[in-house]
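For reference, the structure is listed below as C-alpha cells.
The values are calculated or read from the model by the stated rules, or taken from the named source; none is laboratory data. This is a predicted model, so every value here is computed, not measured. So basically every Cβ, Gly included, is an ideal-geometry build from the backbone, and we count neighbours across all protein chains shown.
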C-alpha cells in the first residue's frame, strides 16, 4: 500500500561533473542548486564524499554542508554519505554534533561503506570489510551521541579510551542517521539494526525487478524487530535521476548528450560499470524505456512516482539524483517544474484549492444572478433621486 502522508522531496548530490570543467565553478553551481531548492521548498539535500576518479569532487560533505547552511534557511542538509570506514567514528560523531548546533538541527548523518573502490584502495582498506566496518562504526556513533558515560572500546581499526562527546547533539536524542542502500542487503540490515532511515540508491533495479524494493524493506523491518528497533516507511527515501521540461521530447533532447557522457565516460569507461549496448544518441531513450531515469513532463514524473509507490509498497521521501547533464538554466527549470506541479500532488496542498474551485464552479450561475442583482440595486439607489 502506498505511503499516504506528506511526501518529502529532496536531492542526492554526489555530485557528477565532467572532467575538463572548472572545478571551482562546479562547486558554486552545486551550492546554487541547494539555494534554489531551499527557495522552492524542497525538504532535504544529501551531499556525497569521494576522493578519486575525477567526477565526484566533494571530499568533505561536512565542509560543504556548513557552507550551504549559511546560504539557506529551511532545507535539511545531510551527508550523502560519509564513508565510515575512512574515518574514526569519534571524529564523525563530533563533527556532526558540531554541525547539528551550527545548523540549529538541520543536519542528517548519512552513512555508507564507501562507493568508489579507488578510494578504498588509496586508503589501504580491504573492500571485503567495508560493510562490517560501517556496521561497527554506526553502533559506536549512536552510543556516543546518546550515552553520557565514557566509552572504552577496542576494534582492530579504531580505539576509544573513556571517550565522551563534550557537546551533546542539538537534536534529541541524536542526530538522525540515514544508511545508503545500493545493491546488497547490507545497508537495510544496518538501518534496521540501529533504527536508522534508508536511502535506496539503486532504484532502477527495483523498477526492473518488482520484488526487489519490497524484499529490501522487509529485510529492514525484520532486522529492526530482531534488535528491538523501529523503522518507518515515511523515512525511507528512493533516489532516481530526473529531468523535466514542458514536453517529453524537449526533456529528452535536453540531456541527450550529457546523459550519454556520464553513462559512457564515467560509469563505463572510468568505473567499469557496463553502459547500455546502444549508440550514444540512444542512451537516454534506453534509460527512460527501462525505467532507470524519469525524463519528461511533470505528469510523467507523477506517474513514475505513483508506480514506484506501488512497486515498493510505499515510501516517504523522493530524492532526485543530481546530474550535471545539460545547461544550468534547464537544470534549475526542471527543479522548478517539479516543485510547482509534482510536489503538490503528494503533499496534500491542493485539496482545499481544488475543493474551493469546484464549489465556485458549481454555484457560478447563482453567484452571477446575485452579482447582477447587487449591481442593479446599487444602480437603482444611485439614480432614484436624480
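Tabulated data for the structure shown
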quantity	calculated
Hits in the range 300-325 (condition: within 23 Å of residue 258 (Cα to Cα) and either outside the structural domain of residue 339 (by TED's automatic domain parsing) or in a helix (DSSP H, G or I) (or both))	300, 301, 304
Count of residues meeting criterion [over 27 Å from the mean Cα position of the chain (by Cα) and in contact (Cβ under 8 Å) with a residue 40 or more places away in the chain] in the range 124-138	1
Number of the exception - residue 20 against (1) within 20 Å of the chain's Cα centre (by Cα); (2) farther than 30 Å from residue 350 by Cα; (3) assigned to a loop (DSSP other than H, G, I, E, B)	(1)
Residues being in contact (Cβ under 8 Å) with a residue 12 or more places away in the chain, touching a helix residue (DSSP H, G or I) at 6+ places or on another chain (Cβ under 9 Å) and either surrounded by fewer than 10 Cβ atoms within 10 Å (Cβ to Cβ) or more than 30 Å from residue 28 (Cα to Cα) (or both) - total across the range 341-364	2
One residue from 338, 367 being touching a helix residue (DSSP H, G or I) at 6+ places or on another chain (Cβ under 8 Å) and either surrounded by fewer than 18 Cβ atoms within 10 Å (Cβ to Cβ) or outside the structural domain of residue 253 (by TED's automatic domain parsing) (or both)	367
Any hit, the range 169-191, residues being assigned by TED's automatic domain parsing to the domain that holds residue 81, surrounded by fewer than 20 Cβ atoms within 10 Å (Cβ to Cβ) and without any contact (Cβ under 8 Å) to a residue 12 or more places away in the chain	yes
Single unsatisfied condition, residue 198 versus (1) more than 19 Å from the chain's Cα centre (by Cα); (2) modelled with pLDDT of 95 or more; (3) not in a helix (DSSP H, G or I)	(1)
Yes/no for residue 329 being assigned to a helix (DSSP H, G or I), closer than 27 Å to residue 57 by Cα and free of Cβ contacts under 8 Å to residues at least 12 places away in the same chain	yes
Matching strands (runs of 3 or more DSSP E) fully within the range 130-191 where at least 2 residues are farther than 29 Å from residue 235 by Cα	151-154, 159-163
Count - residues of the range 256-286 that are touching a helix residue (DSSP H, G or I) at 6+ places or on another chain (Cβ under 8 Å), without any contact (Cβ under 8 Å) to a residue 40 or more places away in the chain, part of a helix (DSSP H, G or I) and surrounded by 15 or more Cβ atoms within 10 Å (Cβ to Cβ)	8
The range 55-112 - residue that is closer than 21 Å to residue 164 by Cα and assigned to a loop (DSSP other than H, G, I, E, B) and, of those, farthest from the chain's Cα centre (by Cα)	88
Every residue from the range 218-247 that is in contact with a helix residue (DSSP H, G or I) (Cβ under 6 Å, 6 or more places away or on another chain) and in a helix (DSSP H, G or I)	219, 220, 223, 224
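Listed here are the residues, each with its yes/no results for (1) under 28 Å from residue 265 (Cβ atoms); (2) in contact with a helix residue (DSSP H, G or I) (Cβ under 8 Å, 6 or more places away or on another chain).
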| position | (1), (2) |
| --- | --- |
| 12 | yes, no |
| 16 | yes, yes |
| 19 | yes, yes |
| 25 | yes, no |
| 31 | yes, yes |
| 38 | no, no |
| 41 | no, yes |
| 64 | yes, yes |
